[in-house]
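The values are calculated or read from the model by the stated rules, or taken from the named source; none is laboratory data. Worth saying up front: this structure is predicted, and the values here are computed from it rather than measured. Here Cβ is always computed from backbone atoms with ideal geometry, including for glycine, and neighbour counts include all displayed protein chains. Calculation scope for accessible area: heavy atoms of the full protein, side chains included, ligands and nucleic acids excluded. Shrake-Rupley method; radii C 1.70, N 1.55, O 1.52, S 1.80 Å.
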Amino acid sequence: MFKIIKRNILKMFREFLVYHHSSMEYRAKILTLMVSSDGEIDECEKQKLKEIACRIYDEDAERAELLVDTVIEYHNKIITMNGLDFDHLVWQVAKETKEARRFAQKIDLDLLRELHECAAEDEENYLFQERILEFLEELKEEYGKKDNAKI
């Protein structure tokens, strides 16, 4: 019971209580782009999300759980049209990458491709996710270079 209450408090006040919350939220937005592309999170995507979060934060299971919770929160906002839609999320990712170039290093295309495998049976969603991966790869190339850090 205490763990659930603690998790809910962390979710509500993550800006104040979570170390480097902006970095974690950026990662959550990228993952949300992939899982929300078809409007639902299936079991394969849920499992892959948990695995990816554990690999990103291998030393901190609580932070990994918070990352998954944040992805689900963003996804729910998109599908319920509660202050966020998919296009706005794409715009936010591009804007945050441009403003904080260090975030480009957080785009791990190999991990995202693992999540992309879940869409293999749905050709339309698979192609849409391909476009998302291309978009993220372009962001990483454009803003992730060392020589851009001076600008």
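Scanning segment 33-89 for residues that are closer than 11 Å to LEU115 by Cβ, more than 12 Å from the chain's Cα centre (by Cα) and of a type in the set (Val, Ile, Thr) yields a single hit, ILE41.
The criterion of at least 3 residues that are more than 19 Å from ARG131 (Cα to Cα) and touching a residue at least 24 places away in the same chain (Cβ under 8 Å) is met, among helices (runs of 4 or more DSSP H) falling completely within segment 28-106, by 43-56, 61-79.
What about TYR143, is it of a type in the set (Phe, Trp, Tyr), in contact with a helix residue (DSSP H, G or I) (Cβ under 8 Å, 6 or more places away or on another chain) and open to solvent by 20 Å² or more (accessible area, probe 1.4 Å)? Yes.
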